1. Average the reciprocal distances over every distinct pair of alpha-carbons in chain B, invert the result, and give the Kirkwood radius in Å.
2. Normalised by the number of residues in chain A, what is the relative contact order in percent for Cα pairs under 8 Å and 6+ residues apart?
3. In angstroms, what radius of gyration and Dmax does the stretch A:420-474 have, counting Cα atoms only?
4. Determine the principal axes of the Cα atoms in the stretch B:72-111, then give the extent along each, sorted from largest to smallest and rounded to whole angstroms.
5. Between the stretch A:190-217 and the stretch A:409-456, how many Å separate their Cα centres?
6. Could you give me the percent of Cα pairs per 5 Å distance bin for the stretch A:306-523, shortest bin first, beginning at zero and ending with the bin that holds the maximum distance?
7. Within 10 Å of each Cβ in A:303-314, how many Cβ atoms from other chains are there, averaged over the peptide?
8. Could you give P(r) for the stretch A:126-194, binned at 5 Å from zero, as whole percent values over all Cα-Cα pairs?
Ligand SMILES: Nc1ncnc2c1ncn2[C@@H]1O[C@H](COP(=O)(O)OP(=O)(O)OP(=O)(O)O)[C@@H](O)[C@H]1O
Ligand SMILES: [Mg+2]
C-alpha cells in the first residue's frame, strides 16, 4: 500500500465542495467526498434528479471540462487530477458508459461502433479485433457484428454502448444506469460481467442504477445520493435490511429483504439476502403439508368484446429475416396487458402495429373489428394512443402546453376545449403549473409523464405504452403504474411493455411473453410467473416473492401469489 | 449523404476511395467542359448505370430529384429565353422555336433550350455520381484519406462530427414525424404543397434540438477517446490495388481525350 493512496492506479479520490451548472440557480453537487480503491465495485443509487449522473461525470472530467460551471474541489482519478487532463486523455484509463445509449452510437455497423474507442486509442489491429469480439460476447451480442446500428432494439443499443466502452479496456469503468432497458437476465449478466472484470483484471467499477437486487449481491459499497449530496454510504446489505431507511431514500428494497422484515416479529429480526437463504430458513419453520395444492389462478377476464385481434401477423424490416412470426393475439376491451420478453424479441415491433406505425408484411390486424390495413395512422390514433419507448423520441415542442396541444389541434378541437383538456390531463398526472416549462428542462420522469399526457389528452380508448418506467426511480415507477391503473379503472384498455417483472406481476391482469418474434406464453400473471424454468429459457426471472412461493409449495404455500404482502400473509397463516 | 453507405460487396464497393474520387472529379470536369446535352446525357446514363451496378436503392433518389423538377423546368424556360440566337455557333441552334411576345419579342431559341437541358443533366450527373460515392464508400475510408492528407486534427474533428451529425439529424427528423403521425397529423400524404407544409413543424424542433444534439455528440465522442492520441488505428488500411491503378489510368485517358476533343470544338453549341 502506498502512503499516498491517491497515487495508486485505479483509485479515485475526490473532494468537491460544490458544483453548479452554468445555467442553474442551485448547486447540483455539494460536499462530495469520494474514496474508491482499485478493484472495488461501487453502486450509486438515489432518486432521479438527485445528482447521480453529475457525480459520475466528475470522475472522468466531463465535469468541469465539458459541463462548465462553478466547480470547487479536486478529483483524482487513476492518479490524474481531472482538471489538468483533457477528457479524451482521461478516457484512456477511465471508461464511461453514458446514460443515453443512442447518442453514443456513431458507426453504421455494430462491430465498427465498438471498434471506435480502441482505434482512437491507437490499439493495434489485432488487439482491436479481439477487444471487439470479447466485448460483444460479454454483453450478449455475439453474432451482431455486421448488423446496422440503426436497426437495433432499445436494449440492444444499450448493450452496444456498454461494449463500446469495454473494448477500450479501461482501468476504471463508470456506468450510468447501464441496465435500464435490459431484460432481467441481461441485467444479471451485466453485473456478472462486472464481477468478472474485477476478479480477472482488477478493474475498478462504479455503477449507478435502480437495480436493488443486483446491487445487493454485486457491489461492495453503496453511495446513496439525495439533493446533490451523498447521504448514505456503506455495505448494501446494511441499507437493504433497513426497509424504512431504504424507502425513505426513494429506493425500492429487494423483495427478499422486505419479506424478511415483514416476517420478523418484534424482538427477533429475520434477515434474508437471497431466495435460497429465505427458503432454507422457512423450510425449518414450516411443517410439511400433506396436500400441496396446485393453485391455478383464475383466468383473465375475457367476456368483454375483442378490440384488437391479430391473425398470423408477420413482420420483417428487411425482407430477409422475419422479426414477428405468426402472431395471434386477441385483446379484449378493458384488459391490462403486460408484454414482456428478451431484448430484441419483437415487443416494440409488435406494439407499433397497433396504431399502424408499422404494417404487417403478412397476416392481418383488426382494431375494433376493422381491418387496420386500410386505415391510416392519424385515423387509428384516435382509438389507439401510442407512447414511445423513449420519451425523447416523441417530445418535440417548445413547451409542455404546446406538446400536449399538438394532437388536439390535429383533431381540430377549438381553443377552449384544448385549454380544458391540457389543464385536466396535467392535473391528472400531477404536473399542474408546468404549462410553460420547456420539456427539456424537465427530469426524465416528468418527460415520461409528459409523453403520456400528450397522448392521454386525446382520450384514446386503447393505450399502448412502451416501457413507461424505464430509467425512473422507484417512486416514479409506482406513480406511473398507479396512473395506468387509474386509467384502467376508468375503462381504458392498457397494453404496456416492461422489463420490470415486479410491476408486471403487481399491475397487469394478463401477461404475454414474446420470444424470438413469437408469442410463447399468454396467461394471467400468476400462471405465467410460476413457470420458472420455461421463463428462464426466455430470459425472464420472476419476482423473488414468486420464487419463494414456488419453493415453499410442499409446505402448503400457495403458488399463485404475486405480491410480497400476499406471500407474507400466507406464510404467517401457516406459521401459526 | 444522398444514399447512405450500405455494406455489400460489389466491384464498386471494393475500389479504393481515391479511385472513386478521381472518377468523380473526371466526370465533373467532363460535364462542365461540354455544353452539348447529348454528351451530358451520356454522363447521366453512365452514372445511373454505375448506381445500378453498385446495387443501390435507386428509388430513394426520388426524394432528392422530385423536389428538383420545378427547378429544372424553370431552368429550361429561363435559358431558352435568355440566350439570343447570336450566342450560338451552329445554325441549328440559332433557330427560334417561338416568341413569347408579339412582334418577335422574347424569342425562345433551340440553343437556349439545349443549354438548359445540359444544365439539368449536369445537376443530375452530380446527384447520381455523388450517390455512387456515398453509397459505396464508408465514412471511415474518407476520414482515413483526410488523415493521410495530414489534415489538422481540429479540422478533422469538425468534419467528422459534421458527417456523423447528418444521419443523427435524419433519424431525429424521422422520429419527430412518427411522433406527429401518432398524434393525428397527416404527414406524407396529399400534394406537394401539403407535404412541404407538413414539414415545417419538424424544422423548428429540429433547429432547437440540433444544438443539444451536437453537444451530446461531442461529449460522447470525447468520451470514446476521440483525439486522445496523435494517431488512431484504421481497421482496414485503404490501399490502391492494380485494378485501382488500371482504372485510374483509364479515367485519365478518357479525361485527357475529352479535354483534347473540347479543344477541337466538339460538343459546343
Ligand atoms: N428499424 C429496424 N430495422 C431493422 N431491424 C430492426 C429495426 N428495429 C428493430 N429491429 C430488429 O427487430 C428485432 C425486434 O426489435 P424490437 O425493437 O421489436 O425488440 P424489443 O422486444 O422491443 O426489444 P427491447 O426490449 O430491447 O426494446 C430486433 O432483433 C431488432 O434488432
Ligand atoms: Mg422495445
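Nothing in this text is a laboratory measurement; each read-out follows from the coordinates by a stated rule. Given the structure is predicted, the values throughout are model-derived calculations rather than measurements. Don't worry about glycine lacking a Cβ; one is built from the backbone with ideal geometry, like all the others, and counts go over all protein chains shown.
1. Values: mean 1/r = 0.0453 Å⁻¹.
Value: 22.1 Å, from the Cα pair sum.
2. Once divided by the residue count of chain A, the mean separation gives 15 percent.
3. Cα-based Rg and Dmax for the stretch A:420-474 come out at 11.3, 31 Å.
4. Per principal axis, max minus min of the Cα coordinates gives 28, 24, 13 Å.
5. Cα centres, the stretch A:190-217 to the stretch A:409-456: 39 Å.
6. Spelled out bin by bin, the stretch A:306-523 gives 1, 7, 15, 19, 20, 16, 11, 7, 2, 0, 0 percent.
7. 0
8. P(r) for the stretch A:126-194, in whole percents per bin: 3, 16, 31, 26, 17, 6, 1.
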